[in-house]
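J.: Can you keep this structure in mind? I'll have questions shortly.
The values are calculated or read from the model by the stated rules, or taken from the named source; none is laboratory data. In this text the structure is predicted, and so the values were computed from the model without any measurement. FYI the Cβ positions are ideal-geometry reconstructions off the backbone, even for glycines, and counts take in every protein chain you see. These area figures cover heavy atoms from the full protein model, side chains too; ligands, DNA and RNA do not enter into them. Shrake-Rupley method; radii C 1.70, N 1.55, O 1.52, S 1.80 Å.
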Amino acid sequence: MLLEVCVESVEPALAAVANGANRIELCASLAVEGGITPSHGLIAVAVSRIQAPIMVMIRPRSGDFCYTDTEFEAMKLDIAACKQLHASGVVFGILTPEGRVDVPRMKTLLDLSHPMQVTFHRAFDVARDPFEALEDIIHLGGIQRILTSGQSQNVVAGLDTLLALVKQAGSRISIMPGSGVSLVNLDRIVTALPVKEIHMSLMKTVDSPMKYRNENVNMGSFGRSEYSRVSIDADGVAAVVSKLKGHADRLQ
């Protein structure tokens, strides 16, 4: 089973790949805003340094997935930049105000994304009907996978819906479970779901190397110390990879 790890900087991505991660989802502000579009500079450095496919988040802001015309223009430009910077793929999703997949806008972005890979992200989890959304996404073509928690707060809570989605999708598109997946519940998830890839963050907070600290000033980290950074649990990645390999071996 393939392991995709989401990160917000290059060093955690390098550690994830060194410990067996197969693919990286690159975001900005992952811990605070759930992932938005990273800078073009970060994308360029990541592509040059990381020896694994990099999927870049295309999300101009946090919050809902119904975008203004100017936000949509920014998404188009960001996709063009990802292609120019040789990213492996992009990750996006757009909904209408009624909660359906915005087919015309998705088609525009898909045309711009070709030949990069595309993941429809967790906008799927707030669509009004996941099974209708699944068919709309498949019908669009050019989308390799859907990242979803089964329209629940986490994958474990959404297992029944996820299993139904996997069955409906068949071989037409990959359903990639993501949200709240951990070493603790990994066995339960991969045993319950016949999927080929899984998405995890495996984040941890590390202390800043700063020696001088003014603790009276906060730059907007929403309660997190300015003298901490979001990194990755490299040992946790290695443990997940080992567990996934053991699961695959049992199936043979």
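J.: Among the residues of the stretch 85-125, how many are in a loop (DSSP other than H, G, I, E, B), touching a residue at least 12 places away in the same chain (Cβ under 8 Å) and open to solvent by 80 Å² or more (accessible area, probe 1.4 Å)?
T.: Total satisfying the criteria: 5.
J.: Could you say whether any residue in the stretch 157-176 is modelled with pLDDT of 95 or more, part of a loop (DSSP other than H, G, I, E, B) and closer than 22 Å to Val7 by Cβ?
T.: For the stretch 157-176, residues modelled with pLDDT of 95 or more, part of a loop (DSSP other than H, G, I, E, B) and closer than 22 Å to Val7 by Cβ: absent.
J.: Further question: For Asn218, are the conditions met, namely being open to solvent by 70 Å² or more (accessible area, probe 1.4 Å) and modelled with pLDDT under 95?
T.: yes
J.: Does Val47 satisfy the criteria of being open to solvent by 30 Å² or more (accessible area, probe 1.4 Å) and closer than 25 Å to His114 by Cβ?
T.: yes
J.: Test of understanding: among Arg213, Arg172, Arg224, Arg188, which residue is in contact (Cβ under 8 Å) with a residue 60 or more places away in the chain and more than 18 Å from Asn22 (Cβ to Cβ)?
T.: Among Arg213, Arg172, Arg224, Arg188, only Arg224 is in contact (Cβ under 8 Å) with a residue 60 or more places away in the chain and more than 18 Å from Asn22 (Cβ to Cβ).
J.: Here's a check for you: in the stretch 63-84, which residue that is charged (D, E, K, R) and under 12 Å from Ser113 (Cβ atoms) is least open to solvent (accessible area, probe 1.4 Å)?
T.: Only one residue tops the list, namely Asp78.
J.: Also: Could you list all residues from the stretch 168-201 that are exposed (fewer than 13 other Cβ atoms within 10 Å of the Cβ) and of a type in the set (A, V, I, L, M, F, W, C)?
T.: The answer is Val184, and nothing else.
J.: Suppose we filter the stretch 126-153 for residues that are on the phi > 0 side of the Ramachandran plot and open to solvent by 10 Å² or more (accessible area, probe 1.4 Å); how many remain?
T.: The total comes to 3.
J.: Within the stretch 202-209, can one find any residue that is open to solvent by 70 Å² or more (accessible area, probe 1.4 Å), modelled with pLDDT under 90 and part of a loop (DSSP other than H, G, I, E, B)?
T.: The answer is no, given that none of the residues of the stretch 202-209 is open to solvent by 70 Å² or more (accessible area, probe 1.4 Å), modelled with pLDDT under 90 and part of a loop (DSSP other than H, G, I, E, B).
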